[in-house]
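Everything on this sheet refers to the single structure shown next.
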Amino acid sequence: MTLHRKQFILGGIAAACLAVAAPAFAQTGKLKVGLMLPYTGTFAALGNAIENGFRLYVDEQGGKLAGREIEFVKVDDESDPAKATDNVNKLIKRDNVDVLVGTVHSGVAMAMAKAAKDSGTMLIVPNAGADAVTGPMCAPHIFRSSFSNWQPGYAMGEVVAKRGHKKVVTITWKYAAGDESVGGFKESFTKAGGTIVKELSLPFPGVEFQALLTEIASLKPDAVYTFFAGGGAVKFVKDYAAAGLKKSIPLYGAGFLTDGTLAAQGADADGLMTTLHYGDSLEVPKDRTFRLNYAKAYKLQPDVYAVQGYDAAQILGIGLAATKGDVKNKAAFAAAVEKARIESPRGTYTLGKTHNPVQDIYLRQVSGKENKLIGVASKSLADPGRGCRM
Ligand code: PHB
């Protein structure tokens with residue numbers, strides 16, 4: 001054997017040993033988490049609740065995950081898709097974050113998923129339901145702690161059909177989340193024999209509902225299905241009642257319509273039925289401690305967004321524990337998360353192959369300041385993950 005060949009073989013053996021041994025070295029430096037969330041605009045309260053939930057979990061672990069101190073870098077994405085690529089690249093290229101956590105708005109989240117894929121950066125989505133994120137854009141290092149837009153809509157289509165409504169008008173913001181929420185609703189509602197009389201929409205984040213409410217009054221459907229959230233949801237519920245429609249045409253929605261919004265909606269929200277993966281009176285022991293700790297830390301009641309932020313940190317913690325703090329070990333990180341049972345305030349769930357929660361979707365009804373649980377609308381509902389190849 002030539003000397004050159006011997007060196008080549010020895011070198012190869014050394015490299016193989018290193019490759020096997022590498023995961024054993026625990027990472028100990030600070031872990032940089034890039035929070036890209038809306039801190040202004042119609043979704044500002046949602047962004048803050050997500051950050052609060054995320055920080056609560058990290059604080060419960062003594063400020064460290066897998067022995068690594070967590071350092072935060074924040075960007076206000078303003079729920080503006082036009083600024084999303086620049087914003088996410090600040091975190092990836094300027095701040096060199098180890099993990100991206102964001103965001104609320106589906107259009108912004110899709111730009112984040114693209115940048116995460118292009119750069120190989122780990123991404124955990126703590127709200128945005130864009131079906132594509134765990135569909136065609138799915139990746140081993142992209143995870144979601146929330147829902148797909150399809151999920152609450154699909155569950156509600158079955159509920160509305162079972163309640164005997166035949167003709168429904170839908171109304172939402174014209175963007176991915178609205179379209180896909182209505183898409184999920186339509187899929188199950190029409191399968192059960194229902195008809196969508198008209199699909200109404202307005203541009204995000206508009207709140208000029210008057211002309212559309214007049215149209216609903218003249219169409220006289222059996223019921224209305226809607227997706228609105230944050231500040232827009234507050235205004236829609238108030239305007240629907242003020243237009244006199246609440247008495248005559250039942251309003252149903254994805255649960256964002258009444259989550260984190262009840263204090264501002266007051267009596268106008270009373271009685272509304274929605275579907276969501278969280279509620280205010282769950283018999284989940286984990287929820288009791290979560291609510292106590294959240295209220296103590298922030299002097300606020302948590303909502304679904306706080307839960308999703310908390311779970312995003314839990315998912316990060318699970319992956320880091322399995323890789324001794326090494327986010328670069330994506331295969332081991334993903335394997336650990338995929339087999340985990342996540343003990344969430346919403347109840348236990350798994351992430352499934354596409355990394356989207358497989359979870360119970362609850363039927364809730366507003367009573368006073370609470371989204372009271374009525375039952376489970378859809379048990380262990382998995383997003384179909386259409387287009388995901390991993
Ligand atoms: C979304 O854009 O995906 C979105 C925004 C707010 C919500 C839910 C979904 O409450």
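The values are calculated or read from the model by the stated rules, or taken from the named source; none is laboratory data. Bear in mind that the values here come from a model prediction, so they are computed numbers and not experimental data. A quick note on method: Cβ atoms are made from the backbone with ideal geometry, for glycine too, and the neighbour counts reach across all protein chains shown. Just the protein is used for accessible areas: all its heavy atoms, side chains included, with ligands, DNA and RNA removed. Shrake-Rupley method; radii C 1.70, N 1.55, O 1.52, S 1.80 Å.
Observations, loosely collected:
- Taking each residue as 0.36 nm, the span from Asp59 to Asp95 lengthens on full extension beyond its C-alpha to C-alpha distance by 10.7 nm.
- Rounded accessible area per residue of region 247-390, 1.4 Å, Å²: 41
- With every protein chain in place, the chain: carbon and sulfur % of accessible area (1.4 Å): 56
- q = 0.15 Å⁻¹, region 175-231: log10 I(q)/I(0) [Debye, one scatterer per Cα]: -0.48
- Taking other residues whose beta carbon is less than 9 angstrom from the beta carbon of Gly135, and scoring Lys, Arg as +1 and Asp, Glu as -1, yields -1.
- Accessible surface ranking for Arg386, Arg341, 1.4 angstrom probe, highest first: Arg341, Arg386.
- Taking the longest Cα principal axis of the chain as reference, the axis of helix 285-298 is set at about 90 degrees.
- Cα pair distances in region 124-170, grouped into 5 Å bins until the bin that holds the longest one, percent each: 5, 19, 23, 16, 11, 11, 9, 4, 1
- Cα long-axis angle, helix 230-242 against the chain (0 to 90 degrees, to the nearest 10): 10
- Cα gyration tensor, region 350-390 - rounded (a/c under 1.5), prolate or oblate: prolate
- Among Tyr57, Tyr298, the order of accessible area from largest down is Tyr298, Tyr57, computed with a 1.4 Å probe on protein heavy atoms.
- Residue-averaged 222 nm ellipticity for the chain, from DSSP H runs of 4+ at -39500 (n - 2.57), nearest 500: -13000 deg cm²/dmol
- For region 49-188: span of alpha carbons on each principal axis (Å, largest first): 54, 34, 27
- Shape analysis of region 150-276 yields a ratio of the Cα radius of gyration to the Kirkwood radius, Rg/Rh, of 0.92.
- Among Val159, Ser188, Gly317 - extreme Cα towards positive end, dipole of the chain, charges at beta-carbon: Gly317
- The label-point distance for Ala321 and Ala295, in a model that sets each label 7 Å from Cα toward Cβ, rounds to 2.7 nm.
- Counting Cα-Cα pairs of the chain in 20 Å increments starting at 0 gives whole-percent bin shares of 29, 54, 14, 3, 0.
- Inter-label distance for Ala335 and Asp118, nm, one decimal - labels placed 7 Å from Cα along Cα-to-Cβ: 3.1
- Separation of the Gln210 and Ser248 label points, Cα + 7 Å toward Cβ, nm: 1.9
- Cα gyration tensor shape for region 44-98, rounded if a/c is under 1.5, else prolate or oblate: oblate
- Helix 3-21 and the longest principal axis of the Cα set of the chain meet at an angle near 40°.
- Here region 142-205 was treated as a single set of alpha-carbon atoms; its pair distances binned every 5 Å from 0 give 4, 19, 26, 23, 15, 8, 4, 1 percent.
- Neighbourhood charge, 12 Å Cβ-Cβ cut-off, centred on Gly62 and excluding it, Lys, Arg +1 and Asp, Glu -1: -1
- Taking one quarter of the surface of the C-alpha convex hull of region 241-390 gives a mean projected area of 11.0 nm².
- Candidates Gly120, Gly325, Gly255, ranked by Gaussian network fluctuation over the chain, Cα under 10 Å, top entry: Gly120
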